[in-house]
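Q: Provided herewith is a single structure, encoded as structure tokens, for subsequent inquiry.
The values are calculated or read from the model by the stated rules, or taken from the named source; none is laboratory data. What you see is a predicted model, and the numbers here were worked out from it, not measured in a lab. With ideal geometry, Cβ positions are generated from the backbone for all residues, glycine too; neighbour counts draw on all protein chains shown. Calculation scope for accessible area: heavy atoms of the full protein, side chains included, ligands and nucleic acids excluded. Shrake-Rupley method; radii C 1.70, N 1.55, O 1.52, S 1.80 Å.
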Amino acid sequence: MGLGIGLAACVSTWPTVAPQPYHRTASIEGAEPVGADECEVCHEDVHGHAPAPAYHEDCEACHGPGSVHADSEEPADIRYPSDSDCLACHDSRRSHLDWTGADHARGDVACSDCHEPHSQEPKQIRRVASGAALVRHAGATTQLCASCHVDVASRLELPSHHPISEGMIDCTDCHSPHESRAARLGPATERCSGCHQDHAGPWVFEHAPVAEDCGYCHAPHGAVAEALLETSQPGACLSCHTLPLLGAGHDPAAFVSRCTDCHSAIHGSYSDPHLRR
Amino acid sequence: MGSRQIGARLRLMACLLLLPAAGQAEEYEVRWSASLEAALHAIASQEADDDVTGFFDQYRFTPNKGTQPPVELGLTQASFDLLGAGEEPALRFRLSSPTSNLGITGSDHAFLNQRAWLFGTERGLFLDLRYRRLRTEDLRRFPDPTGSGSVITDLTSPHDRFYRERTGFDGTLRFRPQDRFEGLPDAFSRLGGEVELRGGYDVRDGQYQRRFLLAPRWLSLGQDLEQEVGTVGGGLLVAPAGLFTLALDVDHQRFREGAPTLTEAGLGGMPASSRSVGFVPDTDRTTGAVRIQRRFGERAALRGGFQMSVLEQVSDRTPDQRTAGLNDNQLLFTSANLAGDLKIIGGLSANAFFKYDERDNQIDRNTPLFNAGGGGQVDEFLDELRRTAVGGELVYAFAGRNQVSAGARGEWVDRDLEFVTNPTSRRILPANALVSDETEMVTVYGRTRLRPLRGLDVRAELGYRDAPKTGYAVELDDYLYGSADVSYTLPIARPAVVSGFARGGSGENRDFEAVGGQGPNPAGGRVDRDFERTEIFWGITATTAAWERTTVFASFFQARDLQDYDLVLSNQPRYFQDALPLSFMPDGPINYRSEDLGTILGTHYRFDERSDVGVSYTFNHIKTRYRTSGSGSGGIERVEGLSRIDADIHRVALRLGHRLRDGLSLTAGYRFDYFDDRSPVHGSGIVPPFDLSTFQHTVTFGVVLTNELFE
């Protein structure tokens with residue numbers, strides 16, 4: 001259904017958007033400023049948006065001098081804003097403090113790959129069609145992420161998943177696209193405990209992996225096994241734990257079900273060191 | 001003005017929030033849109049009941065399933081924009097309701113799964129408000145009692161649904177005085193300050209199925225949750241004369257669980273015990289952070305930060321805590337980082353990072369719960385955790401946006417593990433702990449992003465990790481991984497893109513072993529607990545609008561997870577090693593295999609300027625399988641039988657749209673969802689076994705309105 005709803009969104013709502021082509025960001029040699037009025041002679045709108053919303057001042061502030069382009073009308077004769085152009089104004093934002101070290105910046109993803117400066121969409125999020133095809137009801141931000149991170153998007157439809165493709169949460173509820181995953185401040189569990197406070201403790205008896213990284217057991221983007229478990233039970237447990245033959249109901253002949261059917265307080269407990277209640 | 005810039009011109013006196021500093025009324029342009037949709041469902045008979053949670057209800061709850069036919073009527077999408085001069089957005093509102101119900105069939109579950117955003121901007125003031133309501137459901141699970149010897153007592157009702165509903169608001173208000181007020185002192189303006197206030201409130205209720213052994217019975221019951229989360233915070237950001245940017249932030253979170261505490265005695269445990277069941281603590285979390293960034297022109301940048309957070313149990317204590325006198329229970333997190341980038345010469349640059357995390361469990365351990373035996377601590381106690389990560393990378397950029405890089409990163413984890421010291425207690429000894437006190441990992445990698453031809457974009461990474469010490473058996477040593485992403489835009493006039501990705505990794509862990517014998521220095525037989533894992537994931541996608549009226553999309557992906565290790569059995573639980581000689585036995589290899597593959601095919605066709613249609617088919621196949629051959633295999637095979645996952649998911653969607661006139665469009669759609677499950681299912685004495693295989697037909701009719709209708 002992914003594409004159906006994604007394409008359905010095209011119906012009478014927004015047109016299919018072409019894939020983002022590669023644009024040059026280098027300066028145009030010999031170009032002189034011509035002023036925004038000259039640009040608007042041809043560019044009545046830009047992808048349906050006003051060419052220069054007031055907060056972006058004028059065309060050449062971001063695109064550089066436009067005389068060569070105005071004469072030739074060749075797309076190659078105008079430059080597109082680089083990150084430096086954007087950061088010249090947007091540097092001192094809380095969300096941009098770590099941008100230069102962000103994984104996206106390191107991967108040569110430009111601000112304008114994700115943001116459409118001419119758009120009136122919140123945060124100028126660029127609208128894409130290919131992401132919509134992968135995630136059903138997802139918000140514009142998630143569809144944008146999915147258009148590049150196809151591998152992650154394909155996990156979002158597995159039987160156990162966060163309700164992302166249903167539009168109830170977005171990628172940016174957990175991830176900040178403007179920062180480095182490796183150097184991010186805070187413990188690894190912080191992303192999860194922002195919503196799952198009831199699994200964060202502090203426990204009297206705690207399951208050690210819970211204290212370190214939820215990712216030891218869970219695959220947050222989607223999993224074949226229930227509860228976002230990276231490996232279905234009992235494998236998720238037996239890869240670390242040994243199994244007593246006798247006592248504590250662990251005789252294989254006496255197995256009744258999944259490990260967590262008995263060890264139901266698997267994240268931590270206030271009354272049982274064996275995490276059963 | 002652009003051709004799409006059509007809107008009603010309204011003269012509005014802005015509200016207080018949006019009042020311009022000059023006190024003048026502004027002329028605003030209003031744009032809005034709304035989509036109303038009715039959905040009629042036909043659902044497989046066993047699920048066509050309001051009391052039954054089916055597979056698709058987990059994330060897309062259908063209200064009123066018991067009615068004939070179930071109908072949803074909802075405002076599925078709405079937007080409202082207030083644009084000022086130069087189309088500068090002053091107010092933007094967005095509403096999205098993937099599942100909603102205005103209640104025309106009598107449901108008391110209106111507006112489920114709904115989100116809304118309100119963004120306001122007015123000269124130095126920025127408002128960002130978010131609202132969310134969502135519902136997720138859990139499938140009812142039961143064990144297979146055959147051969148267990150346990151008596152199963154199911155306290156749930158066949159009418160129980162296990163769900164969580166969450167309703168919440170949160171928002172941010174930012175204020176930049178230099179953008180709002182003219183004539184500020186120059187020194188103040190150069191400070192580049194910003195003040196931010198944040199807050200939120202979230203309510204969650206519902207119940208979940210709890211399953212556990214309460215000897216001699218195995219119990220299933222519904223446990224309520226009534227949770228509230230309140231957050232408040234704020235921050236200050238300054239960028240004096242652009243020299244550096246400094247941000248100070250403080251946040252406080254208050255989490256409360258209002259559901260009553262369950263105890264074994266309350267559930268009929270014999271002998272009656274005051275031990276709590278599924279207790280969730282009330283907590284307060286307070287976090288403070290300082291971050292600083294300094295940019296040295298285009299040549300270099302430096303960033304650093306420090307964060308401290310306290311998570312503390314507050315309010316209610318369990319009966320056990322009260323008996324033990326355990327009142328202080330808190331975790332202290334400390335984190336610091338430093339990172340920098342430097343352009344060395346030409347296209348050559350370098351970057352590096354350092355990160356340090358510390359977790360200090362400050363629970364009061366001078367209580368009987370930790371060292372006095374009789375129901376207290378058994379395994380290792382993680383007192384303090386210190387994690388250090390460093391990395392460095394050299395990057396060479398050439399010929400435009402091509403780059404190659406090589407780097408290394410290391411991670412060291414130092415754990416202070418405390419073990420029970422009382423030899424009369426049941427205790428796991430260090431020789432057989434499942435967590436070791438150190439992790440050491442070093443990874444070297446090469447990475448590239450190349451654009452060798454116009455339209456061709458190649459990204460790839462190849463790395464190797466050496467881990468002399470690992471903390472857990474599933475941490476991989478001798479790990480080789482690689483990834484590649486290739487995208488090619490065909491050199492034709494209309495858009496056509498073919499892209500593919502591949503991910504893979506393989507490694508092992510040979511650090512852990514089970515040590516037989518008795519006492520703190522056991523000298524019995526040793527059994528290796530080697531673990532190996534290989535993951536492969538690849539996919540290919542094609543998108544084209546190569547024809548004037550038609551868009552085609554096709555995607556295929558496949559993921560495999562292969563895990564191999566020995567099942568290790570013991571004659572006794574590990575915590576008897578003080579009292580009894582322990583022996584471990586390898587019981588043959590376990591081979592875990594997981595596979596999922598999927599495909600998405602779709603097309604969109606535009607008949608003319610007024611009408612179009614979208615059709616798609618989505619297929620997912622998912623399967624897991626355990627194989628084992630030892631003496632315990634009978635049990636493992638039975639567990640495998642219970643846990644086996646083997647299913648196909650088919651989804652078909654069709655949707656037609658027709659624009660009657662500017663601002664008024666009609667839509668009609670059809671969806672077919674089919675979940676074909678071949679996994680074993682079990683019931684309880686109360687609830688019969690429930691086959692998860694199910695289907696749903698959904699027919700939708702909608703109308704889309706925009707402001708253009710009234711112009």
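Q: Restricting the range A:200-216 to residues that are more than 9 Å from chain B (Cβ to nearest Cβ) and within 23 Å of the chain's Cα centre (by Cα), which is nearest to residue B:257 (Cα to Cα)? Please lay out each step first, then the result.
A: Of all residues in the range A:200-216, those more than 9 Å from chain B (Cβ to nearest Cβ) come to A:207, A:210, A:213-215.
With the extra rule that they be within 23 Å of the chain's Cα centre (by Cα), the set shrinks to A:213-215.
Working: A:213: 24, A:214: 22, A:215: 25 Å.
Restricting to residues being more than 9 Å from chain B (Cβ to nearest Cβ) and within 23 Å of the chain's Cα centre (by Cα), the top hit is A:214.
Q: Any residue at all in the range A:91-107 that's part of a helix (DSSP H, G or I) and within 22 Å of residue A:34 (Cα to Cα)?
A: So the first thing to find is which residues in the range A:91-107 are part of a helix (DSSP H, G or I), and the list is A:94-96, A:99-101, A:103-106.
This time we only want the ones that are within 22 Å of residue A:34 (Cα to Cα), so: none.
No, the conditions are met nowhere in the range A:91-107.
Q: Next question, about the same structure. Which residues, taken from the range A:218-241, are open to solvent by 40 Å² or more (accessible area, probe 1.4 Å) and more than 10 Å from chain B (Cβ to nearest Cβ)? Explain how you work it out, then say what you get.
A: Going residue by residue through the range A:218-241, those that are open to solvent by 40 Å² or more (accessible area, probe 1.4 Å) are A:218, A:220-221, A:226-227, A:230, A:241.
If the condition is that a residue be open to solvent by 40 Å² or more (accessible area, probe 1.4 Å) and more than 10 Å from chain B (Cβ to nearest Cβ), then A:218, A:220, A:221 are the ones that fit.
Q: Give me the pairs, please: first residue somewhere in the range B:589-606 and within 9 Å of another protein chain (Cβ to nearest Cβ) and basic (Lys, Arg), second residue anywhere and crowded, with 24+ Cβ neighbours inside 10 Å and in a strand (DSSP E or B), beta-carbon distance under 8 Å, and either six or more positions apart or on two chains.
A: B:606/B:612
Q: Looking at (1) more than 25 Å from residue B:556 (Cα to Cα); (2) open to solvent by less than 40 Å² (accessible area, probe 1.4 Å); (3) more than 14 Å from the chain's Cα centre (by Cα), which is the one condition that is false for residue A:106?
A: With (1) more than 25 Å from residue B:556 (Cα to Cα); (2) open to solvent by less than 40 Å² (accessible area, probe 1.4 Å); (3) more than 14 Å from the chain's Cα centre (by Cα) applied to residue A:106, the lone miss is (2).
Q: With the checklist (1) of a type in the set (S, T, N, Q); (2) under 29 Å from residue B:228 (Cβ atoms); (3) touching an Asp or Glu at 6+ places or on another chain (Cβ under 8 Å); (4) more than 9 Å from every other protein chain (Cβ to nearest Cβ) in hand, flag the one item residue A:172 doesn't pass.
A: That leaves (3) as the condition not met.
Q: Looking only at the range B:403-442, how many residues end up being modelled with pLDDT under 90, in contact with an Asp or Glu (Cβ under 9 Å, 6 or more places away or on another chain) and open to solvent by less than 40 Å² (accessible area, probe 1.4 Å)?
A: 3
Q: Name every residue in the range B:181-228 that is away from chain A (no Cβ under 11 Å) and either open to solvent by less than 60 Å² (accessible area, probe 1.4 Å) or among the basic types (Lys, Arg) (or both), in order of residue number.
A: B:184, B:189, B:190, B:199, B:203, B:206, B:207, B:217, B:222
Q: Here's another thing I want to ask about it. List pairs: first in the range B:467-490 and without any contact (Cβ under 8 Å) to a residue 40 or more places away in the chain and more than 9 Å from chain A (Cβ to nearest Cβ), second open to solvent by 20 Å² or more (accessible area, probe 1.4 Å) and among the small types (Gly, Ala, Ser), Cβ under 6 Å, 6+ apart or cross-chain?
A: These pairs meet every condition: B:480/B:506; B:482/B:504; B:484/B:460; B:484/B:502; B:486/B:500; B:488/B:455.
Q: Out of (1) closer than 30 Å to residue A:272 by Cβ; (2) touching a residue at least 24 places away in the same chain (Cβ under 8 Å); (3) assigned to a loop (DSSP other than H, G, I, E, B), what's the single condition that is false for residue A:231?
A: Status for residue A:231: all satisfied but (2).
Q: Which one of B:554, B:579 is of a type in the set (Gly, Ala, Ser) and either at the interface with another protein chain (Cβ under 8 Å from one of its Cβ atoms) or not in a strand (DSSP E or B) (or both)? Reasoning before the result, please.
A: Details: B:554 fails: either at the interface with another protein chain (Cβ under 8 Å from one of its Cβ atoms) or not in a strand (DSSP E or B) (or both).
None of the others qualify; the one that does is B:579.
Q: Further, regarding this structure: Does any residue of the range B:660-683 turn out to be in a helix (DSSP H, G or I), at pLDDT 90 or above and over 33 Å from the mean Cα position of the chain (by Cα)? Outline the logic, then answer.
A: Residues of the range B:660-683 in a helix (DSSP H, G or I): none.
Within the range B:660-683, not a single residue is in a helix (DSSP H, G or I), at pLDDT 90 or above and over 33 Å from the mean Cα position of the chain (by Cα).
Q: Quick check on the range B:382-421: of everything there that is charged (D, E, K, R) and more than 10 Å from every other protein chain (Cβ to nearest Cβ), which residue is farthest from the chain's Cα centre (by Cα)? First the steps, then the outcome.
A: In the first step, residues of the range B:382-421 are kept if they are charged (D, E, K, R); the result is B:383-384, B:386-387, B:393, B:401, B:409, B:411, B:414-416, B:418.
Restricting the remaining residues to those that are more than 10 Å from every other protein chain (Cβ to nearest Cβ) gives B:383-384, B:386, B:414, B:416, B:418.
Numbers: B:383: 27, B:384: 26, B:386: 25, B:414: 27, B:416: 29, B:418: 32 Å.
My answer is B:418.
Q: Separate question: With the checklist (1) surrounded by 18 or more Cβ atoms within 10 Å (Cβ to Cβ); (2) out of contact with any Phe, Trp or Tyr (no Cβ under 6 Å at 6 or more places or on another chain); (3) of a type in the set (A, V, I, L, M) in hand, flag the one item residue B:302 doesn't pass.
A: Against the list (1) surrounded by 18 or more Cβ atoms within 10 Å (Cβ to Cβ); (2) out of contact with any Phe, Trp or Tyr (no Cβ under 6 Å at 6 or more places or on another chain); (3) of a type in the set (A, V, I, L, M), residue B:302 comes up short only on (1).
Q: Here is a further query. Residues of the range A:154-183 being open to solvent by less than 30 Å² (accessible area, probe 1.4 Å) and among the charged types (D, E, K, R), which ones?
A: Those that are open to solvent by less than 30 Å² (accessible area, probe 1.4 Å) and among the charged types (D, E, K, R): A:157, A:166, A:170.
Q: Take the residues in the range B:606-619 that are farther than 18 Å from residue B:555 by Cα and of a type outside the set (D, E, K, R), then tell me which one is surrounded by the most Cβ atoms within 10 Å (Cβ to Cβ). Before you say what the answer is, go through the steps one by one.
A: Taking the range B:606-619 first, the residues farther than 18 Å from residue B:555 by Cα are B:606-613.
Filter once more, keeping what is of a type outside the set (D, E, K, R): B:607, B:611, B:613.
Numbers: B:607: 12, B:611: 16, B:613: 20.
So, considering only residues that are farther than 18 Å from residue B:555 by Cα and of a type outside the set (D, E, K, R), the one surrounded by the most Cβ atoms within 10 Å (Cβ to Cβ) is B:613.
Q: Is it the case, given these coordinates, that residue B:524 is surrounded by 20 or more Cβ atoms within 10 Å (Cβ to Cβ), of a type in the set (Gly, Ala, Ser) and assigned to a loop (DSSP other than H, G, I, E, B)? Steps first, please.
A: Numbers: surrounded by 20 or more Cβ atoms within 10 Å (Cβ to Cβ): no; of a type in the set (Gly, Ala, Ser): yes; assigned to a loop (DSSP other than H, G, I, E, B): yes.
Judged against the criteria, residue B:524 is not a match.
Conditions tested, residue by residue: (1) surrounded by fewer than 18 Cβ atoms within 10 Å (Cβ to Cβ); (2) of a type in the set (D, E, K, R); (3) under 30 Å from residue A:121 (Cβ atoms).
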{"residue": "B:46", "(1), (2), (3)": "yes, no, no"}
{"residue": "B:53", "(1), (2), (3)": "no, no, no"}
{"residue": "B:59", "(1), (2), (3)": "no, no, yes"}
{"residue": "B:65", "(1), (2), (3)": "no, yes, no"}
{"residue": "B:87", "(1), (2), (3)": "no, yes, yes"}
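Q: Among what's in the range B:262-281 and is at the interface with another protein chain (Cβ under 9 Å from one of its Cβ atoms) and not in a strand (DSSP E or B), pick the residue that is surrounded by the fewest Cβ atoms within 10 Å (Cβ to Cβ). Step through it out loud before you land on a result.
A: Going residue by residue through the range B:262-281, those that are at the interface with another protein chain (Cβ under 9 Å from one of its Cβ atoms) are B:262-264, B:273-281.
If we keep only those that are not in a strand (DSSP E or B) too, we end up with B:264, B:273-275, B:278-281.
On the way: B:264: 23, B:273: 19, B:274: 16, B:275: 22, B:278: 20, B:279: 25, B:280: 24, B:281: 26.
So the residue we want is B:274.
Q: Another one. Would you mind stating whether residue B:451 is over 16 Å from residue B:408 (Cβ atoms), within 11 Å of chain A (Cβ to nearest Cβ) and more than 26 Å from the chain's Cα centre (by Cα)? Spell out how you get there, then give the answer.
A: Working: over 16 Å from residue B:408 (Cβ atoms): yes; within 11 Å of chain A (Cβ to nearest Cβ): yes; more than 26 Å from the chain's Cα centre (by Cα): yes.
Yes: the conditions hold for residue B:451.
Q: Considering only residues that are over 25 Å from the mean Cα position of the chain (by Cα) and facing chain A (nearest Cβ under 10 Å), look in the range B:282-296 and name the one that is modelled with the lowest pLDDT. Step through it out loud before you land on a result.
A: To start, the set of residues in the range B:282-296 that are over 25 Å from the mean Cα position of the chain (by Cα) comprises B:290-296.
Filter once more, keeping what is facing chain A (nearest Cβ under 10 Å): B:290-293, B:295.
Details: B:290: 97, B:291: 96, B:292: 95, B:293: 93, B:295: 89.
Checking each candidate, the answer is B:295.
Q: Now for a different question. Only one residue in A:215, A:194, A:186 is among the small types (Gly, Ala, Ser), open to solvent by less than 50 Å² (accessible area, probe 1.4 Å) and closer than 30 Å to residue B:677 by Cβ. Which one? Steps first, answer last, please.
A: Working: A:194 fails: closer than 30 Å to residue B:677 by Cβ; A:186 fails: closer than 30 Å to residue B:677 by Cβ.
Sole residue among the options that is among the small types (Gly, Ala, Ser), open to solvent by less than 50 Å² (accessible area, probe 1.4 Å) and closer than 30 Å to residue B:677 by Cβ: A:215.
Q: Could I ask something else about it? Tally the residues that are more than 30 Å from residue A:135 (Cβ to Cβ) and assigned to a strand (DSSP E or B), restricting the search to the range B:530-551.
A: Initial filter on the range B:530-551 (more than 30 Å from residue A:135 (Cβ to Cβ)): B:530-532.
Cutting the leftovers down to assigned to a strand (DSSP E or B) gives us B:531-532.
Total satisfying the criteria: 2.
Q: On the basis of being under 27 Å from residue A:209 (Cβ atoms) and part of a strand (DSSP E or B), does residue B:393 make the cut?
A: Working: under 27 Å from residue A:209 (Cβ atoms): no; part of a strand (DSSP E or B): yes.
Here the answer is no, as residue B:393 does not meet what is asked.
Q: Moving to a separate point now. Can you pull out the residues in the range B:308-339 that are open to solvent by 20 Å² or more (accessible area, probe 1.4 Å) and within 29 Å of residue A:96 (Cβ to Cβ)?
A: If the condition is that a residue be open to solvent by 20 Å² or more (accessible area, probe 1.4 Å) and within 29 Å of residue A:96 (Cβ to Cβ), then B:308, B:310, B:334, B:336, B:337, B:338 are the ones that fit.
Q: Here is a further query. Taking the conditions exactly as written (within 10 Å of another protein chain (Cβ to nearest Cβ) and part of a loop (DSSP other than H, G, I, E, B)), does residue B:379 satisfy them or not? So that I can check it myself, show each step before the final result.
A: Working: within 10 Å of another protein chain (Cβ to nearest Cβ): yes; part of a loop (DSSP other than H, G, I, E, B): yes.
So residue B:379 fits the description; yes.
Q: List pairs: first in the range B:34-47 and assigned to a helix (DSSP H, G or I), second modelled with pLDDT under 90 and surrounded by fewer than 15 Cβ atoms within 10 Å (Cβ to Cβ), Cβ under 9 Å, 6+ apart or cross-chain?
A: Close Cβ pairs satisfying both conditions: B:46/B:691.
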